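To start, the structure itself, in structure tokens.
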Amino acid sequence: MTTKDPKRFTYVLSREEIIESFIDQISDLRRACFAYDDGNLREAKNIALKVHIICHDNIASKRSKSILSLLNLKREIFLPDTSTIKSSDPRVASSGPPLLVIGSTDTGWEVKPPLGAYDDVAKSIAFSEWWDGIVYCNSSGLRMSRKFLILSMRNQHGGAHVDSTISDEAYFRFMKFGDHISISKNGDVGISLPTDHPLLDASNLHLKTVRQIGHELLSCIDSSEIIQGIISKKVDF
């Protein structure tokens, strides 16, 4: 039996219930990352879904807020920006998509997420800077931030929904061609990533980038005293 006017019904979650949902989403995000690392790259789409729930506020709809906003955390946390990392290891190159590295394998080279390899030297930045940070650009000037990579994958490409069309050209090109170019801090355009090189595995760069985003978010959650205090229900922030 339904109410006569379901639009009038509103149940407001308590802070404790929101915290429990936060704990659930962190657990699901961690599980998806483990599954990805076990070889299921498609788990990146579940990672995108969980990052979206934790991080994204729908400005057009004031009713749709991220868990971080519901807990008033966005201005209180800092996240590691692993795109700033430049490895001194000669087997690792820093060209290519900002969140990924090129490392040697037994058969050649591969583009991969570094995960926590350089966490100890990563710069910590405010949430807004992290969320809007560029993770893809090409020679035509197309660019994409962490936010829009997560939104495109979640909204149109299997994270939570599948559309018959993809409206973000940058996402499409990153997914289909991986045609990223390197840009230095002074704006000089570098070389394009040779995605068609026979000895370089440069497939699924969009999925690999999302995995690194998942790592950055979990690293923040695990190291934040404020978040850990909230999760353990020791503080009321």
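The numbers here are math on the coordinates, done by the rules we state, and not lab data. None of these values were measured; they are calculated from a predicted model. A quick note on method: Cβ atoms are made from the backbone with ideal geometry, for glycine too, and the neighbour counts reach across all protein chains shown.
Rounded to the nearest whole Hz, the Karplus-based 3J(HN,Hα) values (6.51 cos²θ - 1.76 cosθ + 1.60, θ = phi - 60°) of segment 139-150 follow the sequence 5, 8, x, 5, 9, 8, 8, 3, 4, 7, 5, 5, with x at glycine and proline. Set the bar at 18 Å for Cα to Cα. Now go through Lys147/Lys208; Lys176/Lys208; Lys45/Lys65; Lys74/Lys112; Lys50/Lys208; Lys123/Lys208 and name every pair that lies beyond it. Checking Cα-Cα distances, Lys45/Lys65; Lys74/Lys112; Lys123/Lys208 exceed 18 Å.
Were the residues from Asp57 through Val121 laid out at 0.36 nm apart, the gain over their Cα-Cα distance would be 20.1 nm.
The residues packed around Gly116, meaning those with a beta-carbon under 11 Å from its beta-carbon, carry a net charge of -4 if Lys and Arg are +1 and Asp and Glu are -1.
Ala32 sits among other residues whose Cβ lies under 13 Å from its own Cβ, and their net charge, with Lys and Arg +1 and Asp and Glu -1, is +2.
Taking amide H positions as modeled 1.01 Å from N, with prolines and chain starts lacking one, the residues under 5 Å from Val101 and 5 or more places away or on another chain are Lys112.
Taking amide H positions as modeled 1.01 Å from N, with prolines and chain starts lacking one, the residues under 5 Å from Asp57 and 5 or more places away or on another chain are Ser66.
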